Amino acid sequence: LLHNMEKDSHYLTQMVENILNMTRIQDGKLKIKKEKDVLDDIISEAASRTVRKDSPCKVVIKNDSEIILVPMDSRLILQVFTNIFGNAVKYTPPGTTVTVCSKLDEKNNCAVVTIEDDGNGFSGDSLEKVFEPFYASSSSGDSSRGFGLGLPICKTIIEAHGGTICAENKKEGGARFVIKLPLLGGNLQEKRFLIFRKTQQVH
């Protein structure tokens, strides 16, 4: 009973945050407070909030060999990954895996995060509408628990950071999200410092 209460409280918290942010977006009051933070830490935190021990599927995070430091509003970016992971777990069959890969694109000076699942993917109609407010796919029996706000809010938050997000179907089946977040100059030097600092902390 306590476990179910905790699970539902996390769900309700996420829903309230989505509704509040949608209201701020509509009123033009969504504020972005950027500070440099480690991208993989935000991804790991979102996964821990979304996937529990009894979750029907698991999330596997594959990090780049280097630490990626991104100027972002960590609270909002955390909400982005929590929304996407929540959808992936919701629409992915039990026993499958959601794979998250983050890497540095030095040529385009951005961080790239790819999130893939082994579900049924998007139908032609839902793929076109997935980022529209209040659109909820009918491909899941649990879709009635959502308002269709999560992914539109993700798109707004990412674009407010100067980045991009897109959804597509994998050839082998399942859905894929690709998020790109721009970096500031000097990121490589800051990464080397963070790697050194983390190494010292480990030892």
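The values are calculated or read from the model by the stated rules, or taken from the named source; none is laboratory data. From a predicted model like this one, the values you see are computed outputs, not experimental measurements. All Cβ positions, glycine included, derive from the backbone under ideal geometry; neighbour counts span all protein chains shown. Just so you know, the surface numbers come from the protein's heavy atoms only, side chains and all, with ligands and any DNA or RNA stripped out. Shrake-Rupley method; radii C 1.70, N 1.55, O 1.52, S 1.80 Å.
Just how much of Glu128 is accessible, in Å², when a 1.4 Å probe is used and the result is rounded to the nearest 10?
Roll a 1.4 Å probe over it and Glu128 shows about 150 Å².
Checking the table Lys36/Lys103; Lys107/Lys129; Lys36/Lys171; Lys129/Lys155; Lys90/Lys171; Lys33/Lys180 against a 24 Å threshold on Cα-Cα, which pairs fail?
Numbers: Lys36/Lys103 16 Å; Lys107/Lys129 31 Å; Lys36/Lys171 35 Å; Lys129/Lys155 12 Å; Lys90/Lys171 21 Å; Lys33/Lys180 18 Å.
Violating the 24 Å Cα-Cα cut-off are Lys107/Lys129; Lys36/Lys171.
Relative to the present Cα-Cα distance, how much length would full extension add between Thr97 and Asn109 at 0.36 nm per residue of separation? Could the numbers behind the result be given before it?
Values: separation 12, 0.36 × 12 = 4.32 nm, distance 2.94 nm.
Here the segment from Thr97 to Asn109 would lengthen by 1.4 nm.
Between Thr164 and Leu12, what FRET efficiency follows from the Cβ-Cβ distance if R0 is 35 Å, with the result rounded to 0.05? It would help to have the intermediate numbers written out before the result.
On the way: r = 30 Å, r/R0 = 0.86.
It comes to 0.70.
With label points built 7 Å along Cα→Cβ from the Cα atoms of Glu128 and Asp41, find their separation and express it in nm.
4.3
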